[in-house]
Amino acid sequence: MATPENVKDIIQYVPFTSFVNPSFWHSFTDIKFNVDKLSENTKQIYGRFSYANDIGPVFEVDGTAFNKQPEAELMYLSIRGTLMNKNTIDDFKSIDKASLLNSIGEIIWHNSIITRLWMCNPSCLLNFFILSFADLKKYHYYYWFAFPTPSQPTVFLKEKSKSILTEFNESEIRTISQNYQLLHHSQRCFFVIRKENETVKVETLSNIFNRTDNTCNLDISSVYFAFTDPSNNGNPGWPLRIFLAALLEYSAIFHGSVIKVIGIRSSKEVGCQSSQIFNVMLPENVQCLQKLGWVGWERNDRGNFGPKLSDMSASMSPKKLAAESADLNIKLMQWRLVPDLNIEIMKNTKCLLIGAGTLGCQVARNLLAWGFRHIHFVDKGKVSYSNPTRQVLYTYHDCRDGGKNKVDAAAESLLSIHPDVIVINSALGFDSYLVMRHGIWSPNPESTTIHSTYVPGDQVGCYFCNDVTAPGNSQKDRTLDQQCTVTRPGVAAIAGALAVELLASLLQHKLGVRAPAPYNISDEMIDPEFEGVLGPVPHSIRGFLHSYQTVVPTYRKFKQCIACSEVVIDNYRKEGINFLLNVFNSGTYLEEVTGLTELQLTAEMSEVLTFSDEDQDTDE
Amino acid sequence: MRPSSSQATGISPETFVYAARDFIELSDKYMDSWTIYQNDNEILSTHLKREEFISHRDQRGKVFLYRAEYVIFYNLSYGVPSFSFNVWDCTGKLLTLEQVRDISLMKTRKEDFFSVVTQQEHPVLYKPYFIIHPCHTAELLSMFRKTSKNLIITFLSLITPLIQLNLPLEYGLL
């Protein structure tokens, strides 16, 4: 806003800028939920503005707005307002804003101006209004402030505003500061300052005006009309506007007159020394003011007349708070220990969990902790009474009435823990476990060269490749994972955690799923080639609780594997469901297809010793 | 991140409250606008609060106004004063930690900053606040125990390298 340069500039009042404290929305929400509920009755509230000269015309509301009495604060003036909250966004949008403001103005006009109540209680002239709609599910608050004032009259500045120091000396200003503080709060909005001989007096309006006397004999030139001024530039603040309208309505002596106005502005260091003097020329012809309409709706951030939106979800929605705190935990790991950690990849990776049992539950929980947000369960079972003690996502309640579907209960449980395709499989024995990553099928493996120290990530074996290192046992051990219900309880927790950590290491490795699996992982002498952000990525981890031992064997794909060998994949491609039906119908079909039967015969003939599970031999 | 060693023991809640009361007298004297909130039935809820406006000019030259709130409370686990704060825009929306750094309220390196400040539910006010981790406070305060005239002022002077608090220089006259 430009400072008036010419004589006879139209006064440009500096409008208020609303500023909402988060505690206002907390109190607002609390009252809406617990007191008002569906009632749309308007509420009396308090707001305040500061006349400190360093911040500008900011109008604040906070949690104390709903108190019966406003809280006094240094260099602030509290004023009364009205809150009108609509229950629907449609009502909020469709209400006629202009006539709403006029009807509010009408009330001020009749209650405060016509009755001349303002002479004994000047604060009744200043009002604010908030029209709001709260979307309490999303914690979105739409609101629009208004500071009602008559749109007329237009008044002019006789000259550029000037500092109070041009007409008062420092000691006089000190007197003003002190006496201002002695005024009752309700008198501080508008009052008068008189200078007689050498003494300066601060007086209330009721000292110079008589509410019941229509003839006003005041010598206008002998007084300064003062108001508490939120502005911090050359123009007067918004409150002056309605004060002038009230003066003009009261007496014809103001019509066509020039009055001296002081805008009281303060600072910690020098009291009222930053106050401004305005010489205001009032118009000759004053029409009936209240008929000309009321103004005062606040402009929004884009400079238009329109509502503002407060999105408080980040600090008020418990779900968002939980999500951000959990994220922060992972970020801390990044900031403090692993600067190269890729957090986004965890967030964006989708996880499919086949089976929502003991392991599935453990894995899902650990996935959450690493920041995975897309988890899908596949399981056709229901939660039974034996499950909750081991399957950590279920409780006793999930077993009642025949049991909930595991997938539903698991999903609900995960959401209650935290509201928002790579295959890694795990198998458990009674006191042993295996956690392993599978190679991926690629039509043209980058290189089939045999390396002496590692297997490329796309060529590591699958669970079944390993099984047939002991071909004679291939049928018996096939269902190892079905034995998990008779495991030592800690095994699933360990295996689940290892599975998730293996996934995390893999995702954080620059080669991802192709990350090489070293034959020999030891603390020293790790080839930088193998190092991922979280260290080298093993192929498999086998543990034995009986002896508390862990080994990390690595082996290549087995070309006659009953699961990942090319012949199996080709057959499935060609025959589709028929191939699967053949497999289901005959336990030996896969072994015939892959040539395992033949191999077994050869093996028997040459009396090859069977290998134990721990053996890391990579013979093909 | 362990609580302070036996040499650097914390202070009692009572000591905190007395220091807070003394501090408020000084703050009033120097018009520093801190206020004290106390409840005789619940000594641990005693806290000091100050709010101020911060204006920030963005790269395009547009000026934004923010309000910052600082709260000093007694941390029961560590037995030390703790510093917490929030900053919000004109709609009441809280700024994130990154945004707080963007408006230059803090002048610390990112890594250092995030390792000492975390957002959590305020133990006294039950709303999300940024809280400066108190793990070294006891140790640092004990170094000044003999010379400190007011514990809160000493504590604030430890915080100011992290957060741009405009403290009246008169506090230094003690």
Just order B:22-33, A:503-514 by mean Cβ neighbour count inside 10 Å, highest at the front, would you? A:503-514, B:22-33
Once label points are set 7 Å from the Cα along Cα→Cβ at both B:Asn41 and A:Lys93, what is their separation, rounded to one decimal in nm? 4.8
Inter-label distance for B:Val63 and B:Leu167, nm, one decimal - labels placed 7 Å from Cα along Cα-to-Cβ: 2.8
What is the calculated FRET efficiency for A:Glu40 to A:Gln181, with r their C-beta to C-beta distance and R₀ = 60 Å, to the nearest 0.05? 0.90
Chain lengthening between A:Arg299 and A:Lys138 when straightened (0.36 nm per residue, less Cα-Cα): 55.5 nm
Rank by packing, highest mean first: peptides A:59-69, A:163-173, with packing defined as the count of other Cβ atoms within 10 Å averaged across residues. A:59-69, A:163-173
As I understand it, the dipole of the protein assembly as shown uses +1 on the Cβ of Lys and Arg and -1 on the Cβ of Asp and Glu, about the Cα centre. Which of A:Gln187, A:Ile113, A:His376 lies farthest toward its positive end? A:Ile113
Could you give the length gained on full extension between A:Ser103 and A:Lys68, defined as 0.36 nm per residue of separation minus the Cα-Cα distance, in nm? 10.1 nm
Quick one: Cα centre-to-centre distance for the stretch A:233-260 and the stretch A:60-119, in angstrom? 22
Too-long pairs where the Cα-Cα distance tops 20 Å, listed order kept, from B:Lys49/B:Lys127; A:Lys137/A:Lys308; A:Lys43/A:Lys291: A:Lys43/A:Lys291
About the Cα centre of chain A, what is the dipole size in debye to 20, counting +1 per Lys and Arg Cβ and -1 per Asp and Glu Cβ, all else neutral? 2860
Work from the charge dipole of the protein assembly as shown (Cβ charges, +1 for Lys and Arg, -1 for Asp and Glu, about the Cα centre) and give the residue of B:Asn150, A:Asn578, A:Pro339 farthest towards its positive end. B:Asn150
Along the dipole axis of chain A (charges at Cβ: +1 for Lys and Arg, -1 for Asp and Glu; origin at the Cα centre), the most positive-end residue among A:His255, A:His546, A:Ser325 is A:His255
Hey, rough spin-label estimate for A:Asn520 and A:His374, points 7 angstrom out along Cα→Cβ, what's it come to in nanometres? 4.1
To the nearest whole percent, what portion of all C-alpha pairs in the protein assembly as shown is separated by more than 46 angstrom? 46
Counting partner chain Cβ atoms within 10 Å of every residue's Cβ in B:83-96, what's the average? 6
Modelled FRET efficiency - R0 60 Å, A:Cys120 with B:Asp112, Cβ distances, 0.05 increments: 0.50
Note: A:17-23 gets an average of partner chain Cβ contacts (10 Å, Cβ to Cβ) equal to 6
Taking a ≥ b ≥ c as the square roots of the eigenvalues of the Cα gyration tensor, with a/c under 1.5 meaning rounded and otherwise prolate when a/b exceeds b/c and oblate if not, the stretch A:559-605 is oblate
Starting from 0 in steps of 5 Å, tell me what percent of the Cα-Cα pairs of chain B lands in each bin. 1, 8, 17, 20, 21, 17, 10, 4, 2, 1, 0
Using packing as a proxy for protection, rank B:94-100, A:294-300 so that the peptide with the highest average count of other Cβ atoms within 10 Å comes first. A:294-300, B:94-100
Report the gain in length on full extension from A:Ile440 to A:Ser547: 0.36 nm times residue separation, minus Cα-Cα distance, nm rounded to one decimal. 35.2 nm
Within-15-Å neighbourhood charge of A:Phe92 [Cβ basis; K, R +1; D, E -1]: +1
Out of all DSSP beta bridges with both ends in chain A, state the antiparallel percent to the nearest 5. 75
Backbone N under 20 Å from the A:Ile10 label point (7 Å along Cα→Cβ), restricted to the stretch A:153-167: A:153-161
Could you please state, rounded to a whole Å, how far the C-alpha centre of the stretch B:28-59 is from the C-alpha centre of the stretch A:375-415? 49
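Read-outs: derived from the displayed coordinates by stated rules, not from any lab. Worth saying up front: this structure is predicted, and the values here are computed from it rather than measured. No Cβ is skipped: glycine too gets one built from the backbone with ideal geometry, and neighbour counts run over all protein chains shown.
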